[in-house]
1. Working carefully through the options Lys162, Lys141, find the one that is without any contact (Cβ under 8 Å) to a residue 12 or more places away in the chain, closer than 30 Å to Pro229 by Cα and among the basic types (Lys, Arg).
2. Looking at Leu215, Leu224, which is the one that is farther than 27 Å from Glu275 by Cβ and touching a Ser or Thr at 6+ places or on another chain (Cβ under 7 Å)?
3. What pairs come out if I take residues in region 104-117 that are under 17 Å from Ala321 (Cα atoms) and assigned by TED's automatic domain parsing to the domain that holds Glu94 and pair them with residues that are assigned to a loop (DSSP other than H, G, I, E, B) and of a type outside the set (A, V, I, L, M, F, W, C) whose C-beta lies under 9 Å away, six or more apart or interchain?
4. Taking region 81-104 on its own, how many of its residues are touching a His at 6+ places or on another chain (Cβ under 7 Å) and surrounded by fewer than 16 Cβ atoms within 10 Å (Cβ to Cβ)?
5. What is the residue count in region 227-270 for residues that are farther than 19 Å from Ala173 by Cβ and buried (at least 22 other Cβ atoms within 10 Å of the Cβ)?
6. Out of everything in region 182-199 that is of a type outside the set (Gly, Ala, Ser) and crowded, with 18+ Cβ neighbours inside 10 Å, what residue ends up being farthest from Pro230 (Cα to Cα)?
7. Just give me the residues in region 59-96 being of a type in the set (A, V, I, L, M) and modelled with pLDDT of 95 or more, in sequence order.
8. Quick one: which strands (runs of 3 or more DSSP E) lie wholly within region 243-282 and hold at least 2 residues that are over 15 Å from the mean Cα position of the chain (by Cα)?
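The values are calculated or read from the model by the stated rules, or taken from the named source; none is laboratory data. Because the structure is predicted, anything quoted here is derived from the model rather than measured. Note that we place each Cβ from the backbone using ideal geometry, even for glycine, and neighbour counts take in every protein chain shown.
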Amino acid sequence: MSQIHSQIHSQANTSQTLATNLLILGSGPAGYTAAIYAARANLSPVLVTGLQPGGQLTITTEVENYPGFATAIQGPRLMEQMAQQAVHTGTRIEYDLITSVDFSHGSPFHLMGDSGTTYKARSVIIATGAQARWLGLPNEKRLQGAGVSACATCDGFFYRGKNVVVVGGGNTAVEEALYLTHHAAHVTVIHRRDKFRAEKVLQERLFNEKKISVLWNTIVEDILSAGTPPVVTGVVLRDIQNNRQYSLQTDGVFIAIGHTPTTSLFQGQLELDSEGYIVIPTPRSTQTSVPGIFAAGDVQDKIYRQAVTAAGTGCMAALDAERFLSGL
């Protein structure tokens, strides 16, 4: 990944203003797919990578559920191939970070990069993604991909016949726990309160599932590991009612306390919902509340959050942008 992005950075625009038909913000599956489709439509798109080139897949080890690969592909390798395809089809990639936007006057839109470059775009696709919320434990980051995950749909397959824990008490945690019963031998849900915040119908399904048990009024204080390279072997728990600390053996830890969409930049510029996700007013579209501004991937998707669905909405956004531009 570093090789292609150092090459891209060396090609970065040195002038103060860069004008384009289509500016794409974000370099995950949604952004790169949008770039590929837009370039093939001769829109000459410019893609700004953002702070984390390649998105969340760059911190994912093996990806087994992305179509087209007979065996697992490493997340960083998959994103490198997407970037190369985007460049090959005619996308200009800028290794920059957008720090401010002005969508108030309509097309063309003005955006400012951390590099000092002003971007002037007739249309914009926002694919800045969302970040999983983490507990902030000492070993949490170190063991990501080695037993710690924030996506059961992505990684549940690796825990067939094993014991796992899910941390959280909302819809995300209950849904993750229910999904994991298709693979794991047993799922323990750890929740810091004495009741769930999840929808009642989801709670009923969970309580009726024999493979799930719940530890109430309990928090995770650390994650244990062993081996070379290290893998998760257990968690250190504390009962907040009696302050008793103890350990629980487990093969996997799924953190399910929600996601935060990367949309703070667009507050006051676009319509956002109560959780900060970009609102798509019209079904089966990627058009935001501002004509000419489109959104794709996890930045507008709080349900599926998969690489393949992000790529699909990236395709949709490029086609929507093409139609918008042809109508100007």
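1. Lys141
2. Leu224
3. If the second residue must be assigned to a loop (DSSP other than H, G, I, E, B) and of a type outside the set (A, V, I, L, M, F, W, C), the pairs left are Gly106/Pro291; Gly106/Gly292; Ser107/Pro291; Ser107/Gly292; Pro108/Gly292; Phe109/Gly292.
4. Of the residues in that region, 1 qualify.
5. 3
6. Selected residue: Phe196.
7. Once the filter is applied, which keeps residues that are of a type in the set (A, V, I, L, M) and modelled with pLDDT of 95 or more, region 59-96 yields Met82, Ala83, Ala86, Val87, Ile93.
8. Counting at least 2 such residues, we get 244-249, 252-255.
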